[in-house]
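Working notes, structure below.
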Amino acid sequence: MTKNDQYCGFEQGPIRPPSEAYSLLIRVTRNCPWNRCTFCPVYKGSRFSIRKVEYVKNDIDSVHRYVEVLQHMGEESGRISRIDANKLSKNIKQVDLQAFSAALNWLNSGMSSIFIQDANSLFIKPSDMAEILLHLKKRFPGVERITSYARSHTVARIKEADLNAIRDAGLNRIHIGLESGSDLVLKMVRKGATKETHIKAGIKVKNAGIELSEYIMPGLGGRRYSEIHALETADALNRINPDFIRIRTLAIPSNIPLFEDYKAGRFKKCSDLMTANEILMFIENLGGITSIIKSDHILNLFEEVEGAMPEDKEHMLSIIRSFLSMNPERRCLYQVGRRLGLFHCLGDVNNSRRMAKVEKICRELGITPENVDETIDELMKRFV
Ligand code: SF4
């Protein structure tokens, strides 16, 4: 008997966008129907499947039930303490514990947003998606935002009327992994989408009145395609004008297909300095758009390169230029401090307490401007 033959309780998938940290996660499909991108470790070795609408609704009902129980408890005692919740959880059947825990976390986070999992939820029949969304709205009418990941390839093929119906049912933001606007890069990393597909899908989402978040991956073109990656990605986004552009820098852990190419020397990874130049070129070439740029991933070298286009463009560029103009020793210390989570902005290099810690670590580990990129590679693998 497979997991789809019977309901096995509330399910959650492995990931969500960083901006959905406080969202309730509702799993509609399992894993990724494409699963071939060479830079992506998330679902490798796992088969894609679609959960029955009835089971997804069961999940929603379970969370709703526990939210009501917890809210009632809170009304009686004036608060829901972790101790009360732990006591209550002892009387809950094993199969329901995950739903209970999701309800508790979501309630404590304000219950304002929901994220539909996994990698490409719009793959399911539009009528099924609308049914699930309407059920969510019925159970949780106060929710402000319901969002999902989707592949450009899938969105480009959805009929406009179906996308509008999904919007009307409550989906108000779609997250797309654009990664690059360069066809050379997209083909190399087996993204399964071309620049034109990305543009078509992005414009379709915007025209449907759904907010659009596009993820880009600095470094994905390697040294060979760094420049064209920056230029073509900027051009694609200039033509889409998404609501959000989110930066997530390439890392190469050993469990991704790209690692083989990297190890064999077929893929030459950019140094931090090259990646900084690439991001600089990318932002320099953005124009005519009103997107908000976010850098909300720990893998990024610049957490503070964020802002609204066009008004914050010069400020974002000035941060990258400051990094590039640092002397190699100071730049090396910033790179290490940033990846250790000790620095959040370039100005943190002036924080003597934190800087002393970074200097000590660099001394102990023998990190110098000459070998810093190898050390950074190791640090970045921890965050993938
Ligand atoms: S489409 Fe997304 S989840 Fe699927 S393999 Fe590519 S990056 Fe990973």
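Here ILE26 fulfils each of the conditions (1) under 20 Å from the mean Cα position of the chain (by Cα); (2) assigned to a loop (DSSP other than H, G, I, E, B); (3) more than 18 Å from TYR215 (Cβ to Cβ) apart from (2). Check whether at least one residue in the stretch 95-118 is in a loop (DSSP other than H, G, I, E, B) and within 16 Å of the ligand (Cβ to nearest atom), and report yes or no. Yes, the stretch 95-118 contains a residue that is in a loop (DSSP other than H, G, I, E, B) and within 16 Å of the ligand (Cβ to nearest atom).
Scan the stretch 108-130 and give yes if some residue there is out of contact with any Ser or Thr (no Cβ under 8 Å at 6 or more places or on another chain) and at positive phi, otherwise no. Yes: the stretch 108-130 contains one or more residues that are out of contact with any Ser or Thr (no Cβ under 8 Å at 6 or more places or on another chain) and at positive phi.
Quick one: is SER23 in contact with a strand residue (DSSP E or B) (Cβ under 7 Å, 6 or more places away or on another chain), modelled with pLDDT of 95 or more and within 16 Å of the ligand (Cβ to nearest atom)?
Working: in contact with a strand residue (DSSP E or B) (Cβ under 7 Å, 6 or more places away or on another chain): yes; modelled with pLDDT of 95 or more: yes; within 16 Å of the ligand (Cβ to nearest atom): no.
No; evaluated as a whole, the condition is false for this residue.
Answer yes or no as to whether ALA85 is at pLDDT 90 or above and small (Gly, Ala, Ser). Before the answer, list the steps.
Details: at pLDDT 90 or above: no; small (Gly, Ala, Ser): yes.
Answer is no for this residue.
Of all residues in the stretch 33-70, those being in a loop (DSSP other than H, G, I, E, B) and either more than 18 Å from the chain's Cα centre (by Cα) or at negative phi (or both) number 17.
Restricting to the stretch 251-266, and then to whatever is in contact (Cβ under 8 Å) with a residue 60 or more places away in the chain and either acidic (Asp, Glu) or touching a helix residue (DSSP H, G or I) at 6+ places or on another chain (Cβ under 8 Å) (or both), can you tell me which residue is surrounded by the fewest Cβ atoms within 10 Å (Cβ to Cβ)?
Filtering the stretch 251-266 down to residues in contact (Cβ under 8 Å) with a residue 60 or more places away in the chain leaves 251-258, 261.
Those still in the list that are either acidic (Asp, Glu) or touching a helix residue (DSSP H, G or I) at 6+ places or on another chain (Cβ under 8 Å) (or both) too: 251-254, 261.
On the way: ALA251: 23, ILE252: 22, PRO253: 15, SER254: 11, ASP261: 17.
Among them, the one singled out is SER254.
Do we find a residue being away from the ligand (no atom under 16 Å from the Cβ) and more than 20 Å from the chain's Cα centre (by Cα) anywhere in the stretch 10-19? Looking through the stretch 10-19, at least one residue is away from the ligand (no atom under 16 Å from the Cβ) and more than 20 Å from the chain's Cα centre (by Cα).
For the stretch 298-305, the condition holds for at least one residue, the condition being that it is surrounded by 13 or more Cβ atoms within 10 Å (Cβ to Cβ) and farther than 19 Å from LEU280 by Cβ. Inspect the stretch 213-222 for any residue being over 20 Å from the mean Cα position of the chain (by Cα) and within 29 Å of THR375 (Cβ to Cβ) and give the result as yes or no. Scanning the stretch 213-222, I find at least one residue that is over 20 Å from the mean Cα position of the chain (by Cα) and within 29 Å of THR375 (Cβ to Cβ), so the answer is yes. All of ILE216, ILE210, ILE199 fail the test of being among the β-branched types (Val, Ile, Thr), under 16 Å from LEU122 (Cα atoms) and in the same structural domain as ASN300 (by TED's automatic domain parsing), apart from ILE210.
Considering only helices (runs of 4 or more DSSP H) fully contained in the stretch 249-343, which possess at least 3 residues that are in the same structural domain as LYS187 (by TED's automatic domain parsing)? Give the derivation first.
On the way: elements: 257-263, 272-284, 313-324, 328-339.
Correct list: 257-263, 272-284, 313-324.
Among the residues of this structure, ILE124 counts as one that is hydrophobic (A, V, I, L, M, F, W, C) and farther than 27 Å from THR290 by Cα. Pick from the stretch 28-68 the residues that are among the basic types (Lys, Arg) and within 14 Å of the ligand (Cβ to nearest atom): which of them is surrounded by the fewest Cβ atoms within 10 Å (Cβ to Cβ)? By that ranking, first place goes to ARG47. If you check ASN91 against the conditions, is it assigned to a loop (DSSP other than H, G, I, E, B), farther than 17 Å from ARG30 by Cα and polar (S, T, N, Q)? Yes; evaluated as a whole, the condition is true for this residue.
Contact annotation: residue pairs with Cβ atoms under 6 Å, 6 or more positions apart or on different chains, pairing a residue in the stretch 183-211 that is at positive phi with a partner that is part of a loop (DSSP other than H, G, I, E, B) and surrounded by fewer than 21 Cβ atoms within 10 Å (Cβ to Cβ), are ARG190/ARG36; ARG190/THR38; GLY192/TRP34. The single condition among (1) touching a Leu at 6+ places or on another chain (Cβ under 9 Å); (2) assigned to a helix (DSSP H, G or I); (3) within 16 Å of the ligand (Cβ to nearest atom); (4) of a type outside the set (Val, Ile, Thr) that HIS153 does not satisfy is (1).
In the condition set (1) of a type outside the set (Val, Ile, Thr); (2) more than 19 Å from the chain's Cα centre (by Cα); (3) more than 11 Å from GLY222 (Cβ to Cβ), PHE267 is compliant with all but (3). Scanning the stretch 122-150 for residues that are within 23 Å of ALA236 (Cβ to Cβ) and part of a helix (DSSP H, G or I) turns up LEU122, PHE123. On the stretch given as the stretch 344-373, residues that are under 19 Å from ARG248 (Cα atoms) and part of a helix (DSSP H, G or I) total 2. Taking (1) in contact with a Pro (Cβ under 8 Å, 6 or more places away or on another chain); (2) more than 14 Å from the ligand (Cβ to nearest atom) in turn, GLU214 satisfies each apart from (2). Scanning the stretch 227-248 for residues that are surrounded by fewer than 23 Cβ atoms within 10 Å (Cβ to Cβ), in a helix (DSSP H, G or I) and of a type in the set (S, T, N, Q) returns a single hit, ASN238.
The values are calculated or read from the model by the stated rules, or taken from the named source; none is laboratory data. For clarity, every value in this text was computed on a predicted model and none was experimentally measured. Glycine also receives a Cβ, built like all others from the backbone with ideal geometry; neighbour counts cover every protein chain displayed.
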